[in-house]
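Written out below as structure tokens is the structure these notes cover.
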Amino acid sequence: MSIDKLLEQVVSQVLALITFFAFPVIQYFLLKWTVRQEGLPRLGYLPEYGFRLVIRNIPRRRLLKNIKYKVFLRSLIPPSKGSTAYTFYDTDILYKEELFVFHNSDQTMLSFQLQGDKEDNIDFVITDKLGNKIQNEISIKNFEKLICDYSATVENFFNFDVQIEKRVVIQSSSLVKMWQETHLGCDKFKEFNVDHILTPGY
């Protein structure tokens with residue numbers, strides 16, 4: 001066998017190996033890119049029940065698996081003597097796991113109401129989906145941010161476990177604006193923007 005043919009075979013085998021191992025990697029990262037729009041959050045107000053923060057899945061029609069979410073309130077503690085950094089103080093509200101969210105369903109992560117008769121006296125109240133109070137109210141003066149972290153695995157045709165991970169941040173000042181727009185009466189569903197949607201790794 002000539003040197004040229006030997007080199008040609010070696011190069012062909014190397015290219016075949018690169019293709020064999022590289023294709024799944026490329027496929028995985030393409031899937032990670034395409035699922036960026038899956039499982040986005042939606043915050044809305046339902047007149048009979050209050051506010052709901054959900055993982056939006058009805059329009060996308062995907063099967064989501066192994067859903068985990070955690071909700072907490074974050075306060076900022078001013079720097080102590082000799083320090084220049086603020087301290088985060090988090091109060092956990094809830095942590096839950098769900099096995100599945102099917103194609104025609106959204107996943108409710110948080111239901112709450114904003115109760116009060118004036119802007120400087122608004123309470124944040126955790127409820128069930130029907131608006132029944134399940135935790136003691138917390139004055140929105142006592143925290144700066146409402147944060148929800150969640151993750152889920154997105155079903156796909158290539159049998160890769162592609163996970164979405166997001167953090168939703170709602171400022172307490174935004175809760176005041178939401179109270180302003182609903183406390184005098186709102187007779188239909190109203191959607192609200194969250195302040196930030198953060199995705200680790202992007």
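The values are calculated or read from the model by the stated rules, or taken from the named source; none is laboratory data. None of these values were measured; they are calculated from a predicted model. Note: ideal-geometry Cβ built from the backbone for every residue, glycine included; neighbour counts use all protein chains shown.
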> So which of 65, 70 is over 19 Å from residue 146 (Cα atoms), assigned by TED's automatic domain parsing to the domain that holds residue 127, in a strand (DSSP E or B) and touching a strand residue (DSSP E or B) at 6+ places or on another chain (Cβ under 7 Å)?
Replying inline: 65
>> Exactly one condition in (1) over 21 Å from residue 39 (Cα atoms); (2) modelled with pLDDT under 90; (3) surrounded by 17 or more Cβ atoms within 10 Å (Cβ to Cβ) is false for residue 154; which is it?
In response: (1)
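Restricted to the range 65-74, and to residues that are farther than 18 Å from residue 175 by Cα and either in contact with a Gly (Cβ under 6 Å, 6 or more places away or on another chain) or of a type outside the set (A, V, I, L, M) (or both), which residue is surrounded by the most Cβ atoms within 10 Å (Cβ to Cβ)? Steps first, please.
Residues of the range 65-74 farther than 18 Å from residue 175 by Cα: 65-70.
Narrowing the set further to residues that are either in contact with a Gly (Cβ under 6 Å, 6 or more places away or on another chain) or of a type outside the set (A, V, I, L, M) (or both) leaves 65-66, 68-70.
Working: 65: 15, 66: 13, 68: 14, 69: 23, 70: 18.
So, considering only residues that are farther than 18 Å from residue 175 by Cα and either in contact with a Gly (Cβ under 6 Å, 6 or more places away or on another chain) or of a type outside the set (A, V, I, L, M) (or both), the one surrounded by the most Cβ atoms within 10 Å (Cβ to Cβ) is 69.
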>> Can you tell me which condition residue 119 does not meet? The list is (1) at pLDDT below 90; (2) surrounded by fewer than 12 Cβ atoms within 10 Å (Cβ to Cβ), and all the others hold.
In response: (2)
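The rows are residues; the columns are (1) in a loop (DSSP other than H, G, I, E, B); (2) crowded, with 16+ Cβ neighbours inside 10 Å; (3) more than 18 Å from the chain's Cα centre (by Cα); (4) outside the structural domain of residue 193 (by TED's automatic domain parsing).
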| residue | (1), (2), (3), (4) |
| --- | --- |
| 76 | no, no, yes, no |
| 79 | yes, no, yes, no |
| 83 | yes, no, yes, no |
| 93 | no, yes, no, no |
| 125 | no, yes, yes, no |
| 136 | yes, no, yes, no |
> Which residue out of 133, 96 is of a type in the set (Lys, Arg) and in contact with a Lys or Arg (Cβ under 9 Å, 6 or more places away or on another chain)?
Replying inline: 96
> Which pairs do you get when a residue that is acidic (Asp, Glu), found in the range 34-56, comes within reach of a residue that is modelled with pLDDT under 95 and part of a strand (DSSP E or B), reach meaning Cβ atoms under 7 angstrom, with the pair 6+ apart or on two chains?
Replying inline: 38/154; 38/164
> So which of 31, 53, 43 is surrounded by 14 or more Cβ atoms within 10 Å (Cβ to Cβ), over 17 Å from residue 98 (Cβ atoms) and modelled with pLDDT of 55 or more?
Replying inline: 43
